[in-house]
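These notes concern the structure reproduced below.
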Amino acid sequence: MMTDPLALQVTAELFPNGIGRYAVGGLLVGLGAVVIYVGTGIPAGASTFLESTLSYVSDQSRFQQYVGSRDWRVVFTLGIVLGGLAFAATVQSGLVSTALYQTGTTGQLYEVGGVTLWTTNVQPWRLFVGGVLVGIGTRVGKGCTSGHGVCGVGSASKTSLVGVATFLTVAIGTAQVVAALGVSP
């Protein structure tokens, strides 16, 4: 009997649902980063959204540095939110089926007025605290995971390489501690 090579066995363990969805997602994220960079000359990233949005209503110099790029940053961030909502309303709800996602594997489906909606199993307070911590982290880290992880690593930025190594180390460590404590959504 012939067994699969070690690389295939490891891949199967790490990606039990296949790598197709991750490959498609990675290609789309990479393509989006390229389009934004070619169109604006600025690396994509979501961490400056709040400051660039505040430039609409504040005259402080801290916020005015974003005046030239604030419009596309708002569109970029709205695209992230609306893309997530569109995915939840179509694919996660089961309205559209794809081999890349199995309906009902995450969160809960429920009906409201004949429309199937989806919600996460994670408690709202945890989402809020996580969002606040991510926001603080993006300011301390001088950027977000999308900016450092996609654009910074892609351009071989030493700062981004260190940042991504730090993000991953802390995330893996936190996940291990949380799992060891038996915490669930």
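The values are calculated or read from the model by the stated rules, or taken from the named source; none is laboratory data. The shown structure was predicted, so the numbers you read here are calculated from the model rather than taken from an experiment. All Cβ positions, even for glycine, are placed from backbone atoms using ideal geometry, and neighbour counts span all protein chains on display. Note: areas computed on protein heavy atoms with side chains; ligands, DNA, RNA excluded. Shrake-Rupley method; radii C 1.70, N 1.55, O 1.52, S 1.80 Å.
When you look at T138, is it among the polar types (S, T, N, Q), under 16 Å from L168 (Cβ atoms) and open to solvent by 50 Å² or more (accessible area, probe 1.4 Å), yes or no? Steps first, answer last, please.
Numbers: among the polar types (S, T, N, Q): yes; under 16 Å from L168 (Cβ atoms): yes; open to solvent by 50 Å² or more (accessible area, probe 1.4 Å): no.
The answer is no for T138.
Annotation: H148 fulfils all but one of (1) out of contact with any Phe, Trp or Tyr (no Cβ under 8 Å at 6 or more places or on another chain); (2) modelled with pLDDT of 80 or more; the unmet one is (1).
In segment 27-47, the residues that are farther than 15 Å from V81 by Cα and outside any helix (DSSP H, G or I) form Cβ pairs under 7 Å with partners that are among the hydroxyl-bearing types (S, T, Y) and open to solvent by less than 50 Å² (accessible area, probe 1.4 Å), at six or more places apart or across chains, as follows: I42/S69; A44/S146. Look at (1) touching a Lys or Arg at 6+ places or on another chain (Cβ under 7 Å); (2) in a strand (DSSP E or B) and you find that Y110 fails only one, number (1).
Residues in segment 151-164 that are surrounded by 12 or more Cβ atoms within 10 Å (Cβ to Cβ) and without any contact (Cβ under 8 Å) to a residue 24 or more places away in the chain: V153, S157, T159, S160, L161, V162, G163, V164. Selection over segment 148-162 of residues that are assigned to a helix (DSSP H, G or I) and over 16 Å from the mean Cα position of the chain (by Cα) gives a count of 6.
Across segment 108-135, the number of residues qualifying as open to solvent by less than 60 Å² (accessible area, probe 1.4 Å) and either at pLDDT 75 or above or under 17 Å from the mean Cα position of the chain (by Cα) (or both) comes to 6.
Suppose we keep only residues that are among the β-branched types (V, I, T) and open to solvent by less than 80 Å² (accessible area, probe 1.4 Å) within segment 170-185. Which one would you say is farthest from the chain's Cα centre (by Cα)?
Restricting attention to segment 170-185, the residues satisfying the condition of being among the β-branched types (V, I, T) are 170, 172, 174, 177-178, 183.
Among the residues that remain, those that are also open to solvent by less than 80 Å² (accessible area, probe 1.4 Å) are: 174, 178, 183.
Numbers: T174: 18, V178: 20, V183: 22 Å.
Applying the filter and picking the extreme gives V183.
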